[in-house]
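Quick notes on the structure that follows.
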Amino acid sequence: MAGVTATLEKKGIPSVCQIVDIPAIKQIAKLNYLVNGVPEARSVFIPQNRFTEKWADEDLKVALDALTRPLTDAEKRSGKYKPAVAPRIALTGTYDQVQEFFTGDLSAFVDRAPIARWTDGLPVTPPTQEAVARMLKGTSHRPDEIVHPGIGPQKRPVTVEKVAINAVMAGCKPEYLPICLTMVETGLYTPWTSSGSMGILHMVSGPMVKELGMNAGTAFMHPGNPANETMGRFARLAIRNLLGIEHTVNLVQSYGTKLLGDILPESPDTPWEGLNVRYGYTAKDNVLLQITRYIALVGHSTGEGTHIAENLEAPGQLLKTVAMFQPSPASQGRFIIITPEQARRWKTDYKWNTMQDLQEFLWKGNTWERRMYDTSYWWGSRLPFAEYVAALKNPRGSMALNPDHVDAPPTAQVPRAISPKDYPILVAGGGNPNYHVKQTSFSYGDFGAYSVWRIDKWK
């Protein structure tokens, strides 16, 4: 809310921000005022034990005084905010001293979760000047080049060197650096301040999967592959260190999630066009498809249950599965993960000759009544469906949510997702063949938004 208060103040509307009386929260509010162009904003600090309750009389008196009291000279000042520059060398010491420094003093946490200072809670590779210099050989870009102009809640600028430092800490090799740079270029955004479990996943498509020795085969989501694991870890370190995401400060999710930055490589053995081609690039291009917000990932399909109870084969099983997720702006897309063997079988049995064919089947088949967009919690009370569709700017008659769906009768079936591309299909995995041809093996999940980025620009 500090950002909202700053915005109102800049418009000339006197405002007061209600802030929980915890030192870390007060500090982050102050930084948010500065980031949003206000040197100071008036605040009312509420004790944590009554922060969500109705305003007490004594708090209202403080708020009214803050709204009506004349501005001080400090509040009127203008100029440019220059954040403090951290020293280039954070520490000189032994390996154990380095680990202690990056972890910090966990016993000092009293009013929030005991979280490591600059790590994911595990030991890191010390980012010495020599190690960072070796990492920088993985890109042709200058160390001081800006990768992102303002990342995270505090809109921090991030350079190539900052990315390289965190890549070293994660254990990455120099040849992984272009993917790390691409992840930071995306902004690594998910709604950190939501109470829900908001995550980030990365699908990688292109020749780099094979070149880097990534595991896109048997148990590819299981730990063990250096490329998959270290790049996924890099994302988590970047979220902590580059974005400045801190537990109970600007990360207030009730449960959190383990789906945070992981790498899901696409198998070179896919019988369809790759994700790179499907989303507008060539087969020679290396791309990163990022999915964010609410993310659920289930390791196996409805398979046996739908086969026995309803005698469903793959098409029916797929539609039954994706229909389990109720759409909302934070959970709009669905993704399917299948093995190359399964993809070849589907291509033969159901004439899904391309990924696009399967995506269009899912988009057309996963529907609900038009009236549901008006009666569901999200669409009916928070984001009217007509406004949502208007913002998409899709023409009538297009294979995407468009004004035709807004004008449809209440009981007409309309798609639950924006377009067929909101059903990414990742071909990966392998191992034991299916023990029954009708019990199709596929993983599935949902997400809120996706974006596609070219990795090769960072080589």
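The values are calculated or read from the model by the stated rules, or taken from the named source; none is laboratory data. In this text, all values refer to a predicted model and were calculated from it rather than measured experimentally. Neighbour counts run over all protein chains shown; Cβ positions are idealised from the backbone, glycine included.
Does residue 24 count as part of a helix (DSSP H, G or I), among the hydrophobic types (A, V, I, L, M, F, W, C) and at pLDDT below 75? Yes; evaluated as a whole, the condition is true for this residue. Applying the set (1) at pLDDT below 90; (2) more than 16 Å from residue 423 (Cβ to Cβ) to residue 340 leaves exactly one unmet item: (1).
If the condition is being out of contact with any helix residue (DSSP H, G or I) (no Cβ under 6 Å at 6 or more places or on another chain), modelled with pLDDT of 80 or more, surrounded by 11 or more Cβ atoms within 10 Å (Cβ to Cβ) and not in a helix (DSSP H, G or I), then segment 70-106 contributes 90, 93, 104.
Scanning segment 107-126 for residues that are out of contact with any strand residue (DSSP E or B) (no Cβ under 7 Å at 6 or more places or on another chain) and either among the small types (Gly, Ala, Ser) or modelled with pLDDT under 85 (or both) gives 107, 108, 109, 110, 111, 116, 121. In segment 212-223, the residues that are of a type in the set (Ser, Thr, Tyr) form Cβ pairs under 8 Å with partners that are part of a loop (DSSP other than H, G, I, E, B), at six or more places apart or across chains, as follows: 218/429; 218/430; 218/431.
The residues listed here are 373, 423; of these, the one that is of a type in the set (Ser, Thr, Tyr), within 21 Å of residue 325 (Cα to Cα) and at pLDDT 90 or above is 423. Against the test of being within 18 Å of residue 333 (Cα to Cα), without any contact (Cβ under 8 Å) to a residue 60 or more places away in the chain and either among the charged types (D, E, K, R) or part of a loop (DSSP other than H, G, I, E, B) (or both), the options 391, 400, 408 yield a single qualifying residue, 400. Of the strands (runs of 3 or more DSSP E) entirely within segment 225-299, those holding at least 2 residues that are more than 17 Å from residue 180 (Cβ to Cβ) and within 17 Å of the chain's Cα centre (by Cα) occupy 287-294, 296-298. On the given criteria, is residue 122 under 23 Å from the mean Cα position of the chain (by Cα) and over 21 Å from residue 455 (Cα atoms)? Against the criterion (under 23 Å from the mean Cα position of the chain (by Cα) and over 21 Å from residue 455 (Cα atoms)), residue 122 qualifies.
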